[in-house]
Amino acid sequence: MSGKRKESPNDMPGREKKKQKTALARTIAVQPSSSGVKAVAGSSKTVQFENAKPLPESLDVEKFAEARAFEISAMHTAMENARASTTHRAWQQLPRHLRRRAASHDVRRVPLKLRDKARAEMDTPKVKPKKHIPQRGKARRVPRAQELLKRQRDKVWLESHLWHAKRMHMEDMWGYRLATTPTEKSFRPSHRASVHGSILHDASYLGLIEMKGPHHALQCILDRCSDCQAPSPAAKRFATGARACDTHIYKRDAYPLDLIAPAKVLWRPVSGSSSSSNIRNSTSASTGEHIPKKASGPRKKGKERESATVQPPEDQRTVWIWVHPSVFDEIFQELSICISLSLEAIKIANPSSHSTVEIADLRQHLNVFEIMGPKASQIIRGAFKPAFDDGRDEFKKCWAALADLQSTASVPRNTVIGFKVHDPRLSFPPKNATVSIGNPKDSGPSVPVMGFYPTSSLASSTIWDEDIRQPLLKPKYKKKDIDERRSKNLVPGTPLQSQKEDDRIPVLMIQHSVENSSSQTPGSPFSDSPSLHGWTLIIPAGWSMAFLPSLFHTGTRVGGQRERQTQSFESSRPFFPRDYPSTASYNKFVDERGDEERERWEKKPKAKRPSWEKLGVRSPWKPDWEVVLGLKEPSPFSEKASDENGDVEDLITADRSEDAMEVEVRAESFTCQPWLLRGLGITSLLTSMGSNSSENRVDALLSFVDNLRAKRSIPLLMAEASDVYDPPRVSPEDIYRSALVRIALRLVGRGCPSDMAIVYGMTDEEIVKSNQSKQDIEPVDIDEEDTQSIPIPPHETIAGYVTTGSFSLSLGEGSALGAIPLTKLIGLQLQAKRLMQTGVLVKVRNRHEVVCRTARVLVLED
């Protein structure tokens, strides 16, 4: 075996070579002197002269610059060499929002000034040429669109899917492939954008149901399955189409039981005379403008004739209902049944009438964008250019007022604005509108006056007509055609002027607010919950990617499901489905979340995971509402050790005795399921029930519900069955016992509640102690040895669970939303009244902790 190669004296280690190369790059070259002056240049990058002459009295700048041309050139060369010899690569010099993993393979993704350096840094190893393999023929080649459709066999992509997939984490939810959260760290920036700027969310996954029929038939259908505590969706202020209605959908004639989901109802606008009993449709089916019955003047031809299409029959209305995608099939089926029962009831009341109601599935017919934040109005006004071709002076005033609208909070809730816009790609890139600020010398703050109010004329739009939406499914011009037109401009960057052949897209804008409607007194711990306001933009299908770049380029952020849920949490507003216990969607959500958490828990070793048995957690994976309500007997549990293979068996085991079996049999005879008592007037109802005796509370609740049902012409809850009414087969006592009330929690001291945290009731001694110390019930700083000595509250004192808990960025402290039984809430209110407390106090404990922290309770009326 030959020995090692002998090192020559000229060889040096690579580290020394790198140092020498760096030193050489940082050395500034010096021009050699032709005179007797001797110049010395060293590694210290300084020049010393032995025979220095005195400085001249005057200096010619031009000659001095010419004489120093070599030094100036050497300085620039040295700076370039020093910059090129740094350890940072070209992609590392970019800001974080411009870095991409694909940038290491594509030099064109790097800014122009860094492309030469990036091209020199790229490793381009020589690859042997592969043998020529004949590709599939052009006739047999699978199109790109067909390949993407294969990925959508078990899910649906939104039109903006590819744009979101490159920038956000995607998950399969409710039959769609949706964006959950951006890939960059944007939790706090997204919250700041919703409070001080704007944030965009693509909500095109919402299900849309259309119903057409007589006004009185649609009113009967909506009244039978909508929330009785909120205004009727068929009320006059909503039936004109000037406002949208936020309500909740229940099963037919089942209010307040069998809650399905929240919904938004929007009527097609009408013009002319209207009344609360009969609102006639005198709106054009194509333009939304009023057309008199007997038109005078010359006969119209061409496009003018198309705008004056034949009117639908009198009293025929159209209504749109937006629902959550997880409950679309259930609500569609429920509305279909309500249509049959309502038409049957109308025919029985008036045998001569022949009413028909059509119901249609309009999913993927419209795109929906939610733009939240105080700058939402300026973004919409800067991104779009409306087509003022309908002659509506009211809309012109509204569009001019949007520029100075500092927040949509000053706009009436759920105001609807309809108009047409030019293709936003023609005016790309957009420029945000600026808010004009008043003269600072004026006394008092300058508040812009809102120059428009909701009317049916302002809300009219041609987006309601399918004959107009159908030709717009595909834009007339592609982006490359518009870019080619832009390249022909004499002045680069000049916006294109809309031509007669360009598309004009009808859109709808609906004022959208995320706020807590519960009564809050000033100075209370719940008065600081912020309210977020913005717009809901509705555009036809096929135009999502034409509108999204204009909206995104204005500086607004884009959020996913996490950002949308955070907006509701910061405003103390429940978010569907995670804050709607007793609904089918909530049960499915907690089951999926529990399976994921249990799977992660089983993968961890016993020393690295919490022991639910030692922590006293009765139901670690999902809330046991039936046990908290007293409808079922809790089952004892134990954690089984894993076998030799490490597989964990069932976590909860049933150790039933004869007494437990008897209790289970009695629980099976209880037919009423947990239901959510919500809506306006809950606070006053609880006050009146607390002043009554325990025997009269059931009657007070039943009377409250029956009065609301009577206003909607729904039979009483305990009425006898009929041909069109099937009452729930439960007793008033069971309804009272199974009611849940939604609450908001604010911690008195430190701490942050999490999801599935347990809410306990407090004894009189604990409340007195908490008022004296103004701190938590248990010490905050606890050693591991002291953890075993802290008593865990018994299971009998569990009052409820937290559905959503986290740190509130707007409040700067921990906050939570949850639910507790109606019976226990009344008991806590009576306890606070007896101890002369200003509010209800409870204890909150996270599942993996032993410390209980004091929190105040607010009843939510949403």
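Read-outs throughout are calculated quantities, based only on the coordinates presented, and are distinct from any laboratory measurement. Just so it is clear, the structure is predicted and the values come from calculations on it, not from any experiment. For neighbour counting, all protein chains shown are included, and Cβ atoms are generated from backbone atoms with ideal geometry for every residue, glycine included.
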Histogram of C-alpha separations across the stretch 307-389, 10 Å bin width, %: 11, 27, 27, 23, 10, 2
Could you order the peptides 467-478, 217-228 from most to least packed, using the average number of other C-beta atoms within 10 Å per residue? 217-228, 467-478
Pull up all non-local amide H partners of residue 263: gap of 5 or more, or a different chain, and H-to-H distance under 5 Å with H placed in the peptide plane. 247, 248, 249
What residues qualify as long-range amide H neighbours of residue 168, i.e. H under 5 Å apart, gap of 5 or more or another chain, H built at 1.01 Å from N? 183
What whole-number distance in Å separates the alpha-carbon centres of the stretch 727-753 and the stretch 66-81? 78
In which sequence would 156, 142, 844, 850 go, from the one with the fewest C-beta neighbours within 10 Å to the one with the most? 142, 156, 850, 844
Placing +1 on the Cβ of each Lys and Arg and -1 on the Cβ of each Asp and Glu in the stretch 475-603, which of 583, 507, 497 has its Cα farthest towards the positive end of the resulting dipole? 497
In what sequence do 361, 60 fall when counting other Cβ within 10 Å, fewest first? 60, 361
Take peptides 607-619, 499-511 and line them up by average Cβ neighbours within 10 Å, highest first, as a rough protection proxy. 499-511, 607-619
Would you list the P(r) distribution for the stretch 802-862, with all Cα-Cα distances sorted into 10 Å bins from 0 and each bin expressed as a whole %? 18, 49, 30, 3
Charge sum, other residues only, whose C-beta stays under 14 Å from residue 536's C-beta, Lys/Arg counted +1 and Asp/Glu -1: +1
Using a 10 Å cut-off around each Cβ, can you sort 332, 452 from fewest to most neighbouring Cβ atoms? 332, 452
Given the pairs 264/833; 166/608; 264/588; 113/476; 166/474; 375/500, which span a C-alpha to C-alpha distance of over 30 angstrom in this model? 264/833; 166/608; 113/476; 375/500
Could you sort the peptides 485-497, 236-248 by per-residue average Cβ neighbour count (10 Å cutoff), highest mean leading? 236-248, 485-497
